[in-house]
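J.: Got a structure here, written out as structure tokens. Questions coming.
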Amino acid sequence: MSQLLIKGGHVLDPAAGVDGILDVLVAGERVVAVGENLDGGDRVLEARGKLVLPGFIDMHVHLREPGFEYKEDVASGGRAAVRGGFTAICCMPNTQPVMDNRTVVEFVRGQAARAGWARVYPVGAISKGLKGEELAEIADMRSAGIVGLSDDGKPVASTELMRLALQYAAPFDLPVISHAEDPTLSQDGVMHRGRVSSLLGLKGVPAEAESVMVARDLLLAGLTGGSLHIAHVSTAQSVELIAFYRSRGVRVTCEVTPHHLLLSDQAVRDTWYDTCTKVNPPLRSPDHVDALRRALREGLIDAIVTDHAPHHQDEKLVEYDYAQFGMVGLETAVSLVAGELVGKGVLDWPQVVALMSTHPARILGVEGGRLEAGGLADFTVIDPGQKVTVDPKDFVSKSRNTPFAGWQLTGAPWGTVVGGQVMMWEGTLTAR
Amino acid sequence: MRLAARHILDLESMPVEDVRLILDTADSMQEILSREIKKVPTLRGKSVCTLFYEASTRTRTSFEMAAKYMSADTTSIATATSAIQKGETLLDTARTIEAMGVDMLIMRHPVSGSCHFLSRHVSASVINAGDGMHEHPTQGLLDLFTMEQHKGSIAGLKVAIIGDILHSRVARSNIWGLVKLGAEVRVAGPATLVPPELEHLGVKVYHRVEPAITGADVVNVLRLQLERQQRGLFPSAREYARYFGVNRARLGLAGTDVLLMHPGPMNRGVEIGSDIADAPFSAIRQQVTNGVAVRMAILYLLLGGAEA
């Protein structure tokens, strides 16, 4: 079995009680030892000055395959993930055909195995065809390898269907990932409803469109004992509701995106309607952004995810109302977290490891999220001092719809190791 | 004197000096309009295209007349008879027109921000002739011009804007222009037709009409967009007329020398009483005339300023 030795990096995993300048020895796809001055290794990689962390897991990604391969596919998305420092990603089921059955789940897993970049964990649809009418074949998809359920992109409008999903999925240990949005409140809104939507004359989505549904889903999780995960939390009220019901014993976790932590609705005004600012849930007002950052710091939020949503340029180079919702995130997330959250004192690196590796693994019930002997050799290696300027032309994703173009950040993904395979080192993807 | 920007997209970001320059220039354009031969050669050899994705009588005609009085060549594209019907995107349509050598694109579009979007991708000057619910800057300017004509100065003037504020691009352009020139602005309409946090723009917000009109020097009544009723934002045109319409009795609450305005087209008997619309204190027809002068000023300042 070939051995890999990563030497002299700052190895950090609070969950495993590791924090120091250490070596990591890998055999095959597993860690053999973490310690000082380790010997061995057919291949030795130098990581001095770098952070060596348990592999980051992005539990909210749209890979667009099957159906929308012109935006992204499993291979290009997996490559973008590795480039961005992620060792594993969850892909959402809003494909064409919808990932609501074993066949599509197996197809996507097969594509991921053939591509061989990041690990890909499919999320199955809650309802057949994402129609919100009847449950998809959840148990069958579970046996095919899904790690969660979601109709993401669309809310489950029917309260009864959401209740059924939480109840039915619980014995299969599948979290129900809620895209919380009351469609009668959001209607055809395109940005956050507030001061900026008023002055720009764009239809607004009130914060309550999300929070009302978060409240509903929390009550249903309490009723059923199901496991609930709230996707892309964007409002102050959502965070408060989640904290309250968690304290009452409801099984709930939640995630937040870098864009909801770093941009406000003012970005729509500052860019004069740049459609790269159009995303669902919308960029909220600064008071919501502040509340999210506070909640993150206080440990009320479990995970940071990208909600990587690639779109072709033609779908964004149109009038604001007509543009697709969503932004890419896989290749900017680590630098944004390093530069804007760690660099500015919102988070420290141990918290980042929890939010981007340990917690996602635990929520999804997948291996990983630990850097310890016997564990998977999935590592995210970060150069915390590297200065980068976000340039969409550098992306290996098929799409470039980011609102962060031109941002100057300190800290960048430097190495990605998946199951002992070095996928990226010194910022350069390994040829495959 | 030149304008700071190459495009006229909104009054929010227009420097007050440019507002002043356009209004002062419009003053001299009025003189041309009063001549027997209403034609000057200033913009000979310049080409102007109107691109309207929404129906319009006065704005498009006003721009075309303004351009013709100044000897520019004009072309107009209406969506109903163009390749837009074949699914061509806004960007492709605009670039096609531009490839024929157009100096200025005057666009109306149902989506807010479309003129800003367009201005980033073409080299011609872009004039916003109304974008969605955002702004209608030339209407705002002609309303300011009309108020100055009647009241001398706008500073300190109490101006009430009444009606469907939520969907009104005229309201937003009026607010920005009036606030810049120092007016005291009040807006009023049914609570469901007033957008949130409008106070941040420096206006007083009312959800009943009477307190907004009381003591006002100018009452600018907005068109009720009856198509919005489909969404149930207000119960009926009948109820609207009775409780939010500007009629003679409500207008009696205003100052004695009140000026009544409306950007048109009017729903007579709904948002505005028919009798007051045609009364001596109504400037509604004058607004239309002034629109031509203001648009001539803008065309001149953007296309002809260099030679002047």
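The values are calculated or read from the model by the stated rules, or taken from the named source; none is laboratory data. This one's a predicted model, so the numbers in the text were calculated from it and none came from an experiment. Counting neighbours? That spans all protein chains shown, and the Cβs are built from the backbone with ideal geometry, glycine included.
J.: Take the conditions more than 30 Å from A:R294 (Cβ to Cβ), of a type in the set (S, T, N, Q) and crowded, with 23+ Cβ neighbours inside 10 Å and apply them to A:T380. Does it pass? Please lay out each step first, then the result.
T.: Values: more than 30 Å from A:R294 (Cβ to Cβ): no; of a type in the set (S, T, N, Q): yes; crowded, with 23+ Cβ neighbours inside 10 Å: yes.
No: the conditions fail for A:T380.
J.: In region A:128-160, what residues are under 16 Å from A:E181 (Cα atoms) and either basic (K, R) or not assigned by TED's automatic domain parsing to the domain that holds A:V233 (or both)? I'd like the intermediate steps shown before the answer.
T.: Step one: list which residues in region A:128-160 are under 16 Å from A:E181 (Cα atoms), which gives A:130-132, A:150-160.
Once the filter is applied, which keeps residues that are under 16 Å from A:E181 (Cα atoms) and either basic (K, R) or not assigned by TED's automatic domain parsing to the domain that holds A:V233 (or both), region A:128-160 yields A:K131, A:K154.
J.: If you take the residues in region B:25-40 that are within 25 Å of B:L3 (Cα to Cα) and of a type in the set (D, E), which one is surrounded by the most Cβ atoms within 10 Å (Cβ to Cβ)?
T.: If we take residues in region B:25-40 being within 25 Å of B:L3 (Cα to Cα) and of a type in the set (D, E), then B:D27 is surrounded by the most Cβ atoms within 10 Å (Cβ to Cβ).
J.: Something else: Taking B:H150 and the conditions (1) surrounded by fewer than 21 Cβ atoms within 10 Å (Cβ to Cβ); (2) of a type outside the set (A, V, I, L, M); (3) outside any helix (DSSP H, G or I), which numbered condition does it fall short on, given that it satisfies the others?
T.: Exception for B:H150: condition (3).
J.: Do we find a residue being modelled with pLDDT of 95 or more and assigned to a loop (DSSP other than H, G, I, E, B) anywhere in region A:285-296?
T.: Here is the first cut: in region A:285-296, the ones modelled with pLDDT of 95 or more are A:285-296.
Checking which are assigned to a loop (DSSP other than H, G, I, E, B) leaves us with A:285.
The answer is yes, given that some residue of region A:285-296 is modelled with pLDDT of 95 or more and assigned to a loop (DSSP other than H, G, I, E, B).
J.: Scan region B:129-143 for residues that are away from every other protein chain (no Cβ under 13 Å) and touching a His at 6+ places or on another chain (Cβ under 8 Å) and report the count.
T.: The qualifying residues number 1.
J.: Just to be sure before I move on: is A:D151 among the acidic types (D, E) and surrounded by fewer than 24 Cβ atoms within 10 Å (Cβ to Cβ) in the structure I sent?
T.: no
J.: Now, a different point. Can you find even one residue in region B:76-87 that is in a strand (DSSP E or B), small (G, A, S) and either away from chain A (no Cβ under 14 Å) or farther than 29 Å from A:T271 by Cα (or both)?
T.: So in region B:76-87, the residues in a strand (DSSP E or B) come out as B:76-78.
Now drop any that are not small (G, A, S), which leaves B:76, B:78.
With either away from chain A (no Cβ under 14 Å) or farther than 29 Å from A:T271 by Cα (or both) added as a condition, the list becomes B:76, B:78.
Looking through region B:76-87, at least one residue is in a strand (DSSP E or B), small (G, A, S) and either away from chain A (no Cβ under 14 Å) or farther than 29 Å from A:T271 by Cα (or both).
J.: Looking only at region A:188-240, count every residue that is within 14 Å of chain B (Cβ to nearest Cβ) and among the acidic types (D, E) and tell me the total.
T.: We begin by selecting, within region A:188-240, every residue within 14 Å of chain B (Cβ to nearest Cβ); these are A:188-209.
Cutting the leftovers down to among the acidic types (D, E) gives us A:188, A:208.
Matching residues across region A:188-240 total 2.
Conditions tested, residue by residue: (1) touching a strand residue (DSSP E or B) at 6+ places or on another chain (Cβ under 7 Å); (2) buried (at least 20 other Cβ atoms within 10 Å of the Cβ); (3) modelled with pLDDT of 90 or more.
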site	(1), (2), (3)
B:S47	yes, no, yes
B:Y53	yes, yes, yes
B:S56	yes, no, no
B:T59	yes, yes, yes
B:M70	no, yes, yes
B:S76	yes, no, yes
B:A80	no, no, no
B:A83	no, no, no
B:L91	no, no, yes
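J.: Restricting to region A:136-166, name every residue that is closer than 18 Å to A:T253 by Cβ and part of a helix (DSSP H, G or I).
T.: A:M162, A:A165, A:L166, listed by residue number.
J.: Hey, B:E64 hits all of (1) among the acidic types (D, E); (2) within 14 Å of chain A (Cβ to nearest Cβ); (3) surrounded by 15 or more Cβ atoms within 10 Å (Cβ to Cβ); (4) more than 25 Å from B:L178 (Cβ to Cβ) but one; which does it fall short on?
T.: (2)
J.: In the set A:V74, A:V123, which member is within 21 Å of A:H311 (Cβ to Cβ) and either in contact with a helix residue (DSSP H, G or I) (Cβ under 7 Å, 6 or more places away or on another chain) or not aliphatic (A, V, I, L, M) (or both)? Outline the logic, then answer.
T.: Working: A:V123 fails: either in contact with a helix residue (DSSP H, G or I) (Cβ under 7 Å, 6 or more places away or on another chain) or not aliphatic (A, V, I, L, M) (or both).
Residue meeting the stated conditions: A:V74.
J.: What's the total number of residues in region B:88-128 that are within 14 Å of another protein chain (Cβ to nearest Cβ), at negative phi, part of a loop (DSSP other than H, G, I, E, B) and not aliphatic (A, V, I, L, M)? Can you show your working first?
T.: Of all residues in region B:88-128, those within 14 Å of another protein chain (Cβ to nearest Cβ) come to B:88-95, B:107-122, B:126, B:128.
Filter once more, keeping what is at negative phi: B:88-95, B:107-112, B:114-122, B:126, B:128.
From the residues that got through so far, the ones that are part of a loop (DSSP other than H, G, I, E, B) too are B:88-89, B:110-112, B:120-122.
Within this subset, residues satisfying the condition of being not aliphatic (A, V, I, L, M) are B:88-89, B:110, B:112, B:120-121.
Residues meeting the conditions: 6.
J.: So, of the residues in region B:162-179 that are assigned to a loop (DSSP other than H, G, I, E, B) and of a type outside the set (V, I, T), which turns out to be nearest to the chain's Cα centre (by Cα)? Lay out the reasoning, then the answer.
T.: Keep residues of region B:162-179 that are assigned to a loop (DSSP other than H, G, I, E, B), which gives B:163-168.
Next, from what is left, pick out any that are of a type outside the set (V, I, T): B:163-164, B:166-168.
On the way: B:G163: 15, B:D164: 15, B:L166: 15, B:H167: 13, B:S168: 10 Å.
Per the criteria, the residue is B:S168.
Conditions (1) out of contact with any Cys (no Cβ under 8 Å at 6 or more places or on another chain); (2) of a type in the set (V, I, T); (3) within 20 Å of A:M356 (Cα to Cα); (4) assigned to a helix (DSSP H, G or I), marked per residue:
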| position | (1), (2), (3), (4) |
| --- | --- |
| A:L174 | yes, no, yes, no |
| A:T184 | yes, yes, no, yes |
| A:D188 | yes, no, no, no |
| A:V250 | yes, yes, no, no |
| A:C254 | yes, no, yes, no |
| A:L261 | yes, no, yes, yes |
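J.: Let me ask another. Name the single residue that is surrounded by the most Cβ atoms within 10 Å (Cβ to Cβ) among those in region A:56-73 being more than 13 Å from the chain's Cα centre (by Cα) and more than 19 Å from A:D394 (Cα to Cα). Outline the logic, then answer.
T.: In the first step, residues of region A:56-73 are kept if they are more than 13 Å from the chain's Cα centre (by Cα); the result is A:64-73.
So of that shortlist, the ones also more than 19 Å from A:D394 (Cα to Cα) come out as A:64-69.
Numbers: A:R64: 27, A:E65: 24, A:P66: 17, A:G67: 15, A:F68: 19, A:E69: 15.
Restricting to residues being more than 13 Å from the chain's Cα centre (by Cα) and more than 19 Å from A:D394 (Cα to Cα), the top hit is A:R64.
J.: Can you name the residue in region A:188-242 that is among the acidic types (D, E) and within 22 Å of A:Q324 (Cβ to Cβ) and, of all such residues, is surrounded by the fewest Cβ atoms within 10 Å (Cβ to Cβ)?
T.: Taking region A:188-242 as the starting set, the residues that turn out to be among the acidic types (D, E) are A:188, A:208, A:210, A:217, A:240.
Filter once more, so that each one left must be within 22 Å of A:Q324 (Cβ to Cβ): A:188, A:210.
Working: A:D188: 9, A:E210: 31.
Taking the candidates together, the pick is A:D188.
J.: Further question: What are the residues in region A:116-135 that are in contact with a strand residue (DSSP E or B) (Cβ under 8 Å, 6 or more places away or on another chain), charged (D, E, K, R) and outside any strand (DSSP E or B), if any?
T.: Matches in region A:116-135: A:K128, A:E133, A:E134.
J.: Okay, next question. Need pairs with beta-carbon distance below 7 Å; first residue over 20 Å from A:D307 (Cα atoms) and within region A:167-195, second assigned to a helix (DSSP H, G or I) and not β-branched (V, I, T); sequence gap 6+ or separate chains.
T.: A:F172/A:A139; A:F172/A:R142; A:L185/A:E208; A:L185/A:A209; A:R195/B:H200
J.: Quickly run through region A:1-23 and pick out the residues that are under 26 Å from the mean Cα position of the chain (by Cα) and touching a residue at least 60 places away in the same chain (Cβ under 8 Å). Write out each step before concluding.
T.: Restricting attention to region A:1-23, the residues satisfying the condition of being under 26 Å from the mean Cα position of the chain (by Cα) are A:9-19.
A:G9, A:V11, A:L12, A:D13, A:P14, A:A15, A:A16, A:V18, A:D19 - these are the residues of region A:1-23 that are under 26 Å from the mean Cα position of the chain (by Cα) and touching a residue at least 60 places away in the same chain (Cβ under 8 Å).
J.: Take B:V159 and tell me if it is over 20 Å from B:P15 (Cβ atoms), β-branched (V, I, T), away from chain A (no Cβ under 14 Å) and in a strand (DSSP E or B). Talk me through it step by step, then tell me what you get.
T.: On the way: over 20 Å from B:P15 (Cβ atoms): yes; β-branched (V, I, T): yes; away from chain A (no Cβ under 14 Å): yes; in a strand (DSSP E or B): yes.
In short, yes.
J.: Which residue, of A:V334, A:V418, A:V388, is surrounded by fewer than 24 Cβ atoms within 10 Å (Cβ to Cβ) and of a type outside the set (S, T, Y)?
T.: Details: A:V334 fails: surrounded by fewer than 24 Cβ atoms within 10 Å (Cβ to Cβ); A:V418 fails: surrounded by fewer than 24 Cβ atoms within 10 Å (Cβ to Cβ).
After applying the criteria, what remains is A:V388.
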